[in-house]
């Protein structure tokens with residue numbers, strides 16, 4: 001019982017601040033983002049060294065720089081537009097201003113995965129045009145590594161005590177404040193959308209039959225896992241449920257699953273036409 005009690009109250013024992021440098025606080029959340037980017041970089045460099053792609057270490061580093069900027073900008077803009085537009089309409093400075101009314105540093109809160117996804121895709125399109133690289137070759141090379149980075153992102157949410165799940169009576173629930181036992185949905189996402197999806201894509205990364213299919217595979221896999229895990233995650237209070245049952249994230253998940261089918265089918269059809277010539 002003591003072990004279970006410690007487990008359920010684990011979030012209360014976690015300080016979101018990893019360490020301080022003078023007046024600057026360095027949060028675990030920020031460190032997890034750095035771990036995510038570094039992990040993806042190492043995995044892509046590993047692929048390059050193994051001859052699994054025609055991308056040098058310099059090109060990989062440049063691509064990740066584009067992707068990081070696209071992710072951060074897209075994730076922030078996506079949150080502003082889709083998750084809290086009224087607040088930011090009346091407080092536009094809060095979009096980029098990390099200080100509260102008293103001048104204390106509070107950081108920038110509110111990032112959207114789906115906005116970040118759009119930002120990365122857009123940044124990738126700009127990157128491949130600049131370097132004259134085939135977009136689908138780059139996607140096949142980079143996508144299998146992405147879920148490993150995503151794992152650290154969701155672990156950061158857990159360490160930050162945010163984006164927790166709905167109230168539950170299951171013994172594996174945790175207390176995130178408020179005296180209610182809740183699903184640790186951040187860990188569910190870290191496991192399924194991160195580790196499980198990584199294992200699936202990484203294991204098939206050199207399968208030539210899947211050429212051009214890794215982006216749609218990732219989109220469908222992520223969308224599927226996210227759709228079902230959303231049933232355990234607390235809905236955004238300012239949005240609630242759509243149609244009385246679905247969250248906005250589930251609607252986005254459905255959209256990207258259909259997009260994955262459309263993209264994958266289009267690529268297969270195009271490859272079949274080329275092979276038939």
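The values are calculated or read from the model by the stated rules, or taken from the named source; none is laboratory data. Remember, it's a predicted structure, so these values are computed and weren't measured experimentally. Every residue, glycine among them, receives a Cβ derived from its backbone with ideal geometry; neighbour counts consider all protein chains shown.
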Next item on the list: Kindly indicate which of 12, 35 is within 30 Å of residue 173 (Cβ to Cβ), assigned to a helix (DSSP H, G or I) and modelled with pLDDT of 95 or more.
Entry: 35
Check: Being touching a strand residue (DSSP E or B) at 6+ places or on another chain (Cβ under 6 Å), surrounded by 14 or more Cβ atoms within 10 Å (Cβ to Cβ), in a helix (DSSP H, G or I) and modelled with pLDDT of 95 or more, is that true of even one residue in the range 195-212?
Finding: no
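When the residues of the range 177-194 are narrowed to those that are under 24 Å from residue 19 (Cα atoms) and buried (at least 16 other Cβ atoms within 10 Å of the Cβ), which ends up nearest to the chain's Cα centre (by Cα)? Give the derivation first.
Going through the range 177-194, the residues under 24 Å from residue 19 (Cα atoms) turn out to be 177, 186-187, 190.
Narrowing further to those that are buried (at least 16 other Cβ atoms within 10 Å of the Cβ): 186-187, 190.
On the way: 186: 11, 187: 13, 190: 9 Å.
Result: 190.
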Next item on the list: Return yes or no: is residue 122 outside any loop (DSSP other than H, G, I, E, B), in contact with a helix residue (DSSP H, G or I) (Cβ under 9 Å, 6 or more places away or on another chain) and surrounded by fewer than 18 Cβ atoms within 10 Å (Cβ to Cβ)?
Entry: yes
Next item on the list: Have a look at 68, 60 and point out the one that is over 17 Å from the mean Cα position of the chain (by Cα) and surrounded by 14 or more Cβ atoms within 10 Å (Cβ to Cβ).
Entry: 60
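Residues in the range 157-176: is at least one in a helix (DSSP H, G or I) and surrounded by fewer than 16 Cβ atoms within 10 Å (Cβ to Cβ)? Walk me through how you get there before you give the answer.
In the first step, residues of the range 157-176 are kept if they are in a helix (DSSP H, G or I); the result is 157-159.
Restricting the remaining residues to those that are surrounded by fewer than 16 Cβ atoms within 10 Å (Cβ to Cβ) gives none.
No.
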Check: Of these, 258, 265, 243, which one is under 24 Å from residue 218 (Cβ atoms) and at pLDDT below 95?
Finding: 265
